[in-house]
Structure formats: C-alpha cells, structure tokens
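As structure tokens, the structure follows; a few thoughts come after it.
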Amino acid sequence: MIIQAYNFLASWQLFPEKGEYQSGNRPKSGYYRINASDDKSRLNIEHTWVTLENDAFNATFSIIPDGELHDFENAVLADQFKASIADTSNLEISFYKNDRETLHVLHQITPNGLLKITQTGTAPAGEQFTNIEIYHKQMSVLPYAAAVSGAVIRPTEEGMIRHKALTAMEEQTNMQMDQIRRQIELLALQAREIVSRKELSMLIYNARLNFSPVIGQVYYLYEKKTGDHQVSMISPREWGNGSGPFKTFVAKVKLLADHTWVEVE
C-alpha cells in the first residue's frame with residue numbers, strides 16, 4: 001500500500017487563492033507534508049497554516065492505509081479512522097465519532113501534478129460543508145503543510161516562528177533560482193543570436209562580394225537566379241523597390257567588428 005502512496009510522499013505548498021472554503025476562513029499560507037514511517041506501515045501527515053491574522057496552526061497524525069477501522073490517536077476529533085489508497089492518485093481518509101463519519105478527506109494527484117484535497121464533513125453548528133484546497137509540490141523539503149480542518153489543531157508560537165523562517169527561506173531561494181533562470185535564459189538567447197550570426201556570416205562569405213566591406217556599414221544581400229547569393233551596396237529602394245537584376249532580396253546586413261554579420265531592420 002505504501003508503494004501506491006509514492007506520489008503523495010512530499011512537502012506541498014498551498015495555493016490559497018485556488019481553494020474553496022465553505023467552513024473556516026481562507027488561510028494566508030500553508031504547507032502539507034506526507035511521509036512514510038520507518039517500517040513503511042503508516043503514513044505520517046503533518047500540516048500547518050497561517051491565518052490572515054498571522055495565527056499559526058499545526059496538526060499531526062498517522063494513518064494505516066489498509067481500508068480497516070483503527071483507533072484514532074486524538075479522541076477530540078474522532079474515535080476511529082479508516083484510510084485506503086485506491087491507486088497512485090487517490091488517497092482517502094474517513095474519521096468517525098460515535099460510529100458516525102464526521103470528516104472525509106480525499107487526496108488526489110491531478111494530471112498536472114498538483115495535490116487536490118477535498119474535505120467533506122459536518123461543521124460544529126451541524127451544517128454540511130465541503131472545502132477544497134490545491135497544493136503544489138515543493139522542490140525543497142519543508143517540514144509541514146496546511147488545511148483548514150484537521151486533527152489535533154493547535155496554535156503554536158513555535159510554529160509561527162518556524163513558518164516565518166521557512167517562508168523567508170523559500171522566498172530567498174526562489175528569488176535566487178529565478179535570477180539563475182533568467183541568466184540561463186539570457187545566455188540561451190545570446191547563444192541563439194551567435195548561432196544566427198554565424199549562419200548568416202557563412203552565407204555571406206560564400207556569396208559573391210565585389211568589394212571590401214567596411215565594419216559598421218550596411219549592405220544588402222540578394223539571391224541570384226542561379227541560387228547563389230551576392231552582397232551589394234545598392235538597396236531594394238534604389239532598384240525601385242525591387243530586387244534589380246537579382247531573383248529576390250534576402251536581408252539588410254551589417255558587418256560587425258568581430259567580422260560576423262548581423263541582420264538589421
């Protein structure tokens with residue numbers, strides 16, 4: 001069973017704006033972590049969230065995903081629970097109080113790799129509710145996660161301090177990764193420009209050239225009726241907006257100081 005839970009074993013970060021909450025308020029941020037016990041018989045679930053008022057809440061519990069009823073460790077929330085893994089994309093947990101299901105939690109891995117958690121249950125006032133939360137997988141390993149309703153919920157100052165530190169760490173590392181990503185994209189763009197200049201330069205140096213080009217000057221590349229190319233000082237406009245004796249106008253080009261050619265507007 002634990003093998004089927006492989007896709008869930010990660011730290012997940014909440015998308016607060018993507019959730020739907022019929023019970024409780026939308027959290028400011030949150031994390032959700034699922035890992036396997038050392039003996040692979042249980043799944044440990046830890047989640048935390050921070051309210052808009054900056055109050056931190058934390059909940060931890062363990063489940064045995066064998067489809068059987070088991071006593072639950074926190075009698076305040078439930079007497080028993082039943083957990084099962086239908087396949088590698090669906091994990092269900094039901095909590096029971098006095099032989100009545102009080103909360104059902106469905107974990108789903110979506111086709112785009114997100115974690116969708118749907119909670120259905122009964123609010124303290126007696127009305128039915130459904131909460132839906134969407135998480136994305138953390139590349140770095142964060143030690144906890146979030147949900148609006150769950151087991152052993154308690155506000156902790158330590159949790160708030162840890163959450164702030166981890167949030168700051170995530171922001172800094174994500175910013176650094178974004179900077180590196182932009183640098184890589186810039187280098188890739190520069191590499192493509194160099195390849196483009198090289199290809200154009202090879203075309204021009206294989207073309208017919210009846211004069212010695214000057215660095216920084218603009219010239220005009222034409223294709224001849226034979227399929228060969230020729231560089232000319234005469235622009236299409238001077239040919240009467242045509243290609244003159246050539247088959248077609250190819251590009252307006254300029255010779256750079258490194259003796260490569262670049263196309264110009």
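Throughout, read-outs are computed from the coordinates displayed, never taken from laboratory work. None of the values given here were measured: they were computed from a predicted structure. Methodologically, a virtual Cβ is constructed for each residue, glycine included, from the backbone with ideal geometry; neighbour enumeration extends over all protein chains shown.
Tally Lys/Arg at +1 and Asp/Glu at -1 over every other residue whose Cβ is under 11 Å from the Cβ of K247; what's the total?
Details: positive: K224, K225; negative: E223, D228.
Residues close to K247 contribute a combined charge of 0.
Which one, [x] 232; [y] 156; [z] 189, gives volume of the Cα convex hull per residue in Å³ as derived from the coordinates shown?
[x]
Residue-wise, which Karplus ³J(HN,Hα) couplings in Hz belong to the stretch 77-88, taking 6.51 cos²θ - 1.76 cosθ + 1.60, θ = phi - 60°, and x for glycine or proline?
Karplus values, whole Hz, x for Gly and Pro: 7, 7, 8, 9, 9, 9, 10, 8, 10, 5, 7, 6.
Calculate one ³J(HN,Hα) per residue across the stretch 240-257 by plugging θ = phi - 60° into the Karplus curve 6.51 cos²θ - 1.76 cosθ + 1.60, and present them in order as whole Hz with x for glycine and proline.
Going residue by residue, I get x, 6, x, 10, x, x, 8, 6, 7, 7, 9, 6, 8, 10, 9, 8, 8, 5 Hz, with x marking Gly and Pro.
Using the Karplus equation 6.51 cos²θ - 1.76 cosθ + 1.60 (θ = phi - 60°), what ³J(HN,Hα) coupling, rounded to whole Hz, does each residue of the stretch 3-19 give in order, writing x for Gly and Pro?
The phi angles translate into 4, 5, 7, 3, 5, 8, 6, 5, 9, 10, 10, 6, 9, x, 6, 8, x Hz.
Work through the residues other than L186 whose Cβ is under 15 Å from its Cβ and net out their charges, Lys, Arg +1 and Asp, Glu -1. All intermediate terms of the calculation are to be shown ahead of the outcome.
Details: positive: R181, R182, R192; negative: D178, E185, E193.
Local net charge: 0.
Classify the stretch 3-155 as rounded, prolate or oblate, taking a ≥ b ≥ c as the square roots of the eigenvalues of its Cα gyration tensor: rounded when a/c is under 1.5, otherwise prolate if a/b is larger than b/c and oblate if not.
Details: a/c = 1.43, a/b = 1.02, b/c = 1.39.
The shape class here is rounded.
Can you give the local net charge around Q230? Use residues other than it whose beta-carbon is closer than 12 angstrom to its beta-carbon, Lys and Arg +1, Asp and Glu -1.
+2
Expressed as an acute angle from 0 to 90° and rounded to the nearest 10, what is the orientation of the C-alpha long axis of helix 157-205 relative to the principal long axis of the chain?
Once rounded, one gets 20 degrees.
Beyond 15 Å, what share of the Cα-Cα pairs of the stretch 198-263 remains, rounded to the nearest whole percent? Don't jump to the answer; show the numbers that get you there.
Details: 980 of 2145 pairs.
Within the stretch 198-263, distances greater than 15 Å cover 46 percent of Cα pairs.
On a full-extension model of 0.36 nm per residue, what is the gain between Q4 and D178, subtracting their alpha-carbon distance, rounded to one decimal in nm? Kindly include the intermediate steps, with their values, before the conclusion.
Working: separation 174, 0.36 × 174 = 62.64 nm, distance 3.33 nm.
So the chain would gain 59.3 nm between Q4 and D178.
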